[in-house]
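Everything below concerns the one structure shown next.
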Amino acid sequence: TTAEYPAVMAHRIHEGRFIAPADESTSSAVCVLGSTAARTLFPLTTALHQTILVGGIPFKVVGVMAPKGQTGSTGVLSNPDKAAWIPFGTSFARFGRTQIRRGSGVSEATQVEVNRAVLRVADGVSLNSIAALVRSLMKNRHQDEDLAITIPSALLKERRQAEDVFRWVMASLAAISLLVGGVGIMNIM
């Protein structure tokens, strides 16, 4: 990740510091742990200034993030408390841009790519115009159309619309049930 992660994701540092731009430019072997990861790896002491192995390479823990909990998203970022962050530059310098997975007598090489970018937009800015700008920028720099732009407020709006439809369906079922029950009672009387 980059040094901007805490500001963009509204995630506070609990102790130590986060990755600095200097760590990125010098490919420093430093990392920051999520709160659960720090407690799991170092249950009896503070994780700060300890060393962990990432892919067999020692990394110095320079910070621990405050607990954040489940974020509701999917994938790696769904629970940042269990995560460890290292600088992009360090990742590419130490591990290269090709990841090789070995298992069951088979080796698979894949090109390491950025798979998620998160943007934080200032209040009052149109999210749809920013989404169009980002889509245009990505299309110019990345010829394949293999990206998806997700706007949380749009997801929330869609969810509310689905809840409204569900409410109307349930109210309709209740009304039909009441009508059928009333006709049944009238027939009995």
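Normalised by the number of residues in the chain, what is the relative contact order in percent for Cα pairs under 8 Å and 6+ residues apart?
Over the chain, the number comes to 18 percent.
Loop only by DSSP, 12 or fewer other Cβ within 10 Å of the Cβ. Give me the GluC sites (Glu not before Pro) in segment 111-173 that pass, ordered by residue number. Intermediate values should be presented prior to the final figure.
Values: sites: Glu113, Glu145, Glu158, Glu163; in loops: Glu113, Glu145.
Qualifying residues, ordered by number: Glu113, Glu145.
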For segment 1-140, dividing by residue count, accessible area per residue (probe 1.4 Å) in Å² works out to 63 Å²
Once the in-chain neighbours fewer than 8 apart are removed, the lysines whose Cα is under 19 Å from Lys82 read Lys60, Lys68
Given a Förster distance of 45 Å, the FRET efficiency implied by the Cβ-Cβ spacing of Ser107 and Val180, rounded to the nearest 0.05, works out to 0.10
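Find the relative contact order for segment 1-73 and round it to a whole percent, using C-alpha pairs within less than 8 Å whose residues are 6+ positions apart. Walk me through the intermediate numbers first.
Details: 104 pairs, mean separation 27.5, N = 73.
Rounded, it is 38 percent for segment 1-73.
Leaving out ligands, DNA and RNA, and with a 1.4 Å probe, what % of the accessible surface on the chain is carbon or sulfur?
Carbon-and-sulfur percentage of accessible area, whole number: 59.
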Sparse-neighbourhood loop hits (trypsin sites (Lys or Arg not before Pro), segment 1-105; DSSP loop; Cβ within 10 Å at most 11 others) -> Arg12, Arg97
Mean-square fluctuation maximum in Gaussian network of the chain, Cα pairs under 10 Å, restricted to Ala47, Ala22, Ala66, hits Ala22
Where a ≥ b ≥ c are root eigenvalues of the Cα gyration tensor, a/c under 1.5 meaning rounded, otherwise prolate if a/b exceeds b/c and oblate otherwise, segment 1-101 counts as rounded
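The values are calculated or read from the model by the stated rules, or taken from the named source; none is laboratory data. This is a predicted model, so every value here is computed, not measured. For neighbour counting, all protein chains shown are included, and Cβ atoms are generated from backbone atoms with ideal geometry for every residue, glycine included. Ligands, DNA and RNA are stripped out before the accessible areas are found, and what is left, the full protein with its side chains, is counted by its heavy atoms. Shrake-Rupley method; radii C 1.70, N 1.55, O 1.52, S 1.80 Å.
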